Structure formats: C-alpha cells, structure tokens
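Participant: The structure follows.
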Amino acid sequence: MNVKQLTTRLMQAIIVLLGISLMTFMLTYLAPGDPVRTMYAASGVMPDKETLEKTREAMGLNEPFMIQYFKWLSSSLQGDFGTSYSMNKPVASILMSRIGPTLWLAFFSLILMLLISVPAGLLAAVRQNRFTDYFVRGISFLGLSIPNFWVGLLLVYFVAFKLGLFPVVSMGAGIDKMVLPAVTLAFAMSAKYTRQVRAAVLEELNQDYVNGARSRGLKEKTILIRHVFPNALLPLITLIGLSLGSLLGGTAVVEVIFSYPGLGSLAVSAITAYDYPLIQAYVLWIAFLYMLINLIVDLSYGFLDPRIREGRKIYEKNA
C-alpha cells in the first residue's frame with residue numbers, strides 16, 4: 001500500500017467516523033428519557049421542575065440539534081467526551097479504566113482460540129473423511145450451536161460453583177479472573193476457526209505446488225508446515241482482525257455474566273442508565289477500532305504474501 005492509497009483510506013475512515021458520530025448523536029438525541037433526570041436520580045436527588053430546566057439550559061440541552069452536535073464533536077476531537085450522567089465522571093477516564101481489562105481478555109481469548117483451532121483444523125484436514133475429521137467437525141458444529149451465554153452459565157455452575165476452581169465473579173486483577181470469560185469467548189470462536197482452518201488447508205492441499213513438493217520427495221510434515229499452512233493463513237487474517245475488533249469492543253453478554261469490568265458491561269450499564277455521553281463515546285471507540293484493525297490487516301497482506309507485493313509493484317509501474 002503506497003502513500004496515496006494510505007491517504008485515501010485514512011480520508012475514508014475520517015468520513016465514516018463523522019457519519020457514525022452524527023448518526024449516534026441523532027439516535028441518542030431522539031431516544032426517550034430525560035438525561036437530566038437520570039443524572040439527578042443517580043445522585044439520589046430529585047429536584048423541582050425549575051431546577052431541571054436550569055440544568056438543561058446550563059448543559060446546552062435546550063439548544064438546536066446541530067449546535068449541540070457540533071459542540072460535542074468539537075470537544076470530542078480534543079479528547080473531551082463530556083461527563084457521564086450516571087457516574088458523574090469524565091467519560092474519557094471511564095473508558096480508559098475499562099480498556100485495560102478488555103485488552104487482556106481479548107488477547108487471552110484470541111490466543112486460547114488459536115491454540116485450539118489451528119491444530120484441530122490442521123488435523124481434520126490431514127485426516128479428511130476419517131474418524132478424527134468427523135470428530136473435530138462434530139465438536140465444531142456443537143460449538144457453533146451453543147450460545148455464549150449458555151456456555152458461560154455452565155462454566156459458572158460447574159467449574160466455579162461446584163468445583164471452586166475459579167472465582168464466580170471476575171472483578172479485579174489476576175489471570176484467574178480472566179480464565180472463565182476467556183474460555184467462554186474462545187469456545188465459539190474455536191469452533192468457527194477450526195472449520196475455516198480445515199477448509200483453507202484442504203484447498204491448499206489440492207494445489208499443484210503440493211504435488212510438485214511431494215514428487216521432489218519432501219516429507220508431508222515439511223510440506224504442511226512450511227508451504228501449506230503459511231498460504232492457508234492469509235484468508236484467516238481478515239477473520240482474526242474482525243474477531244479482535246469485536247473482542248476489543250467488549251462482549252457484553254459474557255462480561256455481564258461474569259461481572260467482568262470491561263467495555264461490554266460498561267455499555268450495558270450506560271444503555272440501562274440512559275447515559276448518552278458514555279454511549280456516544282463507546283460507539284465511536286468501536287468504530288475506530290474496527291477501521292484501525294481493518295487497515296492493519298490490509299497492510300499485513302503485503303508482508304505475509306510476496307505475490308501481493310509483486311502485484312502491487314507491477315500495478316504501480318504500469319499506472
């Protein structure tokens with residue numbers, strides 16, 4: 001990706017972010033509920049109508065929609081997303097306090113998923129139409145069929161409550177607090193990625209270069225690890241990027257089940273409390289993450305596949 005293409009992608013990302021910010025602000029503006037009443041209710045105070053009106057005026061909530069939007073956008077561009085109605089704290093500081101736990105949970109879940117799905121997918125592809133392949137495909141189908149919240153509840157009951165191996169509530173620091181939420185998230189992802197790895201490896205095994213390598217006397221293990229798997233990895237990069245974006249955005253159901261202090265549980269609390277500044281900042285964070293990860297994935301293609309690098313060079317030369 002040259003400088004011109006990178007600049008174009010960045011401009012597209014900025015336009016998309018502006019559109020998402022406008023849409024989010026409009027939806028929260030039109031949503032039912034009074035944020036001023038919510039703010040006072042969170043502090044345990046219910047003032048009279050005159051005080052409510054003065055507060056609305058002081059917060060700029062009586063101004064026209066576009067004026068409110070541009071004021072909020074101007075402050076957001078400076079890193080000020082406003083003050084949370086329900087927590088009475090700066091939204092930026094609240095998000096920053098939740099990003100760390102979400103990052104740890106996302107990467108832990110992703111690594112656990114890769115450790116399960118890559119070997120299982122490779123094994124199923126190599127043992128195609130044998131007992132091992134049928135077994136792996138059956139487990140994958142089961143994993144795709146069971147919803148995450150049900151897996152989480154089963155782990156809470158049997159592993160945490162009955163066996164007492166891990167804490168039921170995942171509040172606080174420590175890797176033991178992340179095990180059950182990470183296993184819950186990795187369970188469904190492993191099922192999906194196992195099938196993807198199997199399909200990608202089978203497609204590569206039918207290529208002519210594999211037959212050529214076999215005719216030269218290369219061992220099957222060498223062909224699989226040094227040639228087939230690197231080529232099969234490329235289609236999975238996009239899926240991994242999308243999964244990472246979802247995980248970094250926070251998986252609300254799993255975080256609520258385990259009371260994990262991440263972005264997902266924060267979003268649920270913000271929606272329940274009609275905390276509009278927090279909802280708006282959260283949506284922008286999700287959108288920014290997805291676009292950033294997609295850009296990184298696109299950039300990684302050239303490093304992972306020499307054919308793409310050569311194709312870009314030829315295109316730029318002829319352009």
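Participant: Would you pick out the residues in segment 150-171 that are under 21 Å from the mean Cα position of the chain (by Cα) and either farther than 18 Å from residue 251 by Cβ or open to solvent by 100 Å² or more (accessible area, probe 1.4 Å) (or both)?
Facilitator: Result: 150, 171.
Matching residues to (1) open to solvent by less than 90 Å² (accessible area, probe 1.4 Å); (2) part of a helix (DSSP H, G or I); (3) of a type in the set (Ser, Thr, Tyr):
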{"residue": "51", "(1), (2), (3)": "yes, yes, yes"}
{"residue": "57", "(1), (2), (3)": "no, yes, no"}
{"residue": "63", "(1), (2), (3)": "yes, no, no"}
{"residue": "67", "(1), (2), (3)": "yes, yes, no"}
{"residue": "70", "(1), (2), (3)": "no, yes, no"}
{"residue": "75", "(1), (2), (3)": "yes, yes, yes"}
{"residue": "85", "(1), (2), (3)": "yes, no, yes"}
{"residue": "105", "(1), (2), (3)": "yes, yes, no"}
{"residue": "113", "(1), (2), (3)": "yes, yes, no"}
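Participant: Within segment 24-42, count every residue that is under 21 Å from the mean Cα position of the chain (by Cα) and surrounded by fewer than 13 Cβ atoms within 10 Å (Cβ to Cβ).
Facilitator: Qualifying residue count, segment 24-42: 0.
Participant: Further question on the same structure: Filtering segment 211-232 down to residues that are among the aliphatic types (A, V, I, L, M) and open to solvent by less than 30 Å² (accessible area, probe 1.4 Å), which residue is nearest to the chain's Cα centre (by Cα)?
Facilitator: Restricting to residues being among the aliphatic types (A, V, I, L, M) and open to solvent by less than 30 Å² (accessible area, probe 1.4 Å), the top hit is 232.
The values are calculated or read from the model by the stated rules, or taken from the named source; none is laboratory data. Predicted, not measured: the structure shown is a model, and the values here were computed from it. Here Cβ is always computed from backbone atoms with ideal geometry, including for glycine, and neighbour counts include all displayed protein chains. Each accessible area value is taken on the protein alone, full model and side chains, heavy atoms only, with ligands, DNA and RNA left out. Shrake-Rupley method; radii C 1.70, N 1.55, O 1.52, S 1.80 Å.
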